[in-house]
Amino acid sequence: MQTFLTHSAEETKRLGKKLAKEIRAGALVCLEGDLGAGKTTFVQGFLEEMGAARPYVSPTFVIMKQYDLPTQRNGIERVYHADAYRVETKDFANLGFVEWCADKQGIVLLEWPERVQDLISCEALFINFVSKMDGEREIIVEG
Ligand code: ADP
Ligand code: MG
């Protein structure tokens, strides 16, 4: 387990970039934490480091956005950014969540994993975002 303390959105983005440099193709990353804790901000840094084309929308309103990378990175060709806040497990499965996770050239970044717990495989990487004072966030990388 690793714990980080960030003091700005920019710093949280930098942590997302750091993960993008280390992650291996095929991974599922579960981002936990309350609304406004910094999950989407972290993903923006991740996508930027991956060279994904903007805009980096928050998937709260679209449920999932797929980014096909212009250049593959460490065997990674696609990034799926998903948000389960407003969906039922059944609907999420129907949208293709299991297929996104089975994509060996893909990375799945999932906000609100607890909403679709039954679909999460045991080898997922969990990152927990906790709001502290003002702009401070504690970011705990499990495993
Ligand atoms: P979530 O996806 O967890 O709901 P967002 O990343 O969408 O959260 O929003 C986080 C908000 O908090 C943004 O408006 C961001 O600018 C602000 N913020 C302030 N400090 C931080 C920090 N240290 N890390 C991340 N976001 C921060
Ligand atoms: Mg979000």
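Quick note: the coordinates plus some simple rules give every number you see, no bench work behind them. Quick caveat, the model's predicted, so the values are computed rather than measured. All Cβ positions, even for glycine, are placed from backbone atoms using ideal geometry, and neighbour counts span all protein chains on display.
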Open item on the list: As an exercise, identify the chymotrypsin sites (Phe, Trp or Tyr not before Pro) in region 76-111 lying in DSSP coil whose Cβ has no more than 16 other Cβ atoms within 10 Å.
Closed with: TYR85
Task: DSSP beta bridge pairing in the chain, given as percent antiparallel to the nearest 5 - done: 55
Open item on the list: Mean-square fluctuation check for the chain, GNM, Cα pairs under 10 Å: which of GLY38, GLY16, GLY75 is largest?
Closed with: GLY75
- [ ] At most 16 other Cβ atoms within 10 Å and a DSSP loop assignment: could you name the trypsin sites (Lys or Arg not before Pro) in region 8-56 that fit?
- [x] ARG24
- [ ] Among the listed pairs LYS39/LYS65; LYS21/LYS90; LYS65/LYS104; LYS90/LYS132, give every one whose C-alpha distance is greater than 23 Å.
- [x] LYS21/LYS90; LYS90/LYS132
Task: Loop sites in region 3-105: GluC sites (Glu not before Pro), DSSP, at most 14 other Cβ within 10 Å - done: GLU88
- [ ] Mind putting a number on the dipole of the chain about its Cα centre? Charges go on the C-beta only, +1 for Lys and Arg and -1 for Asp and Glu, and I need it in Debye to the nearest 20.
- [x] 400
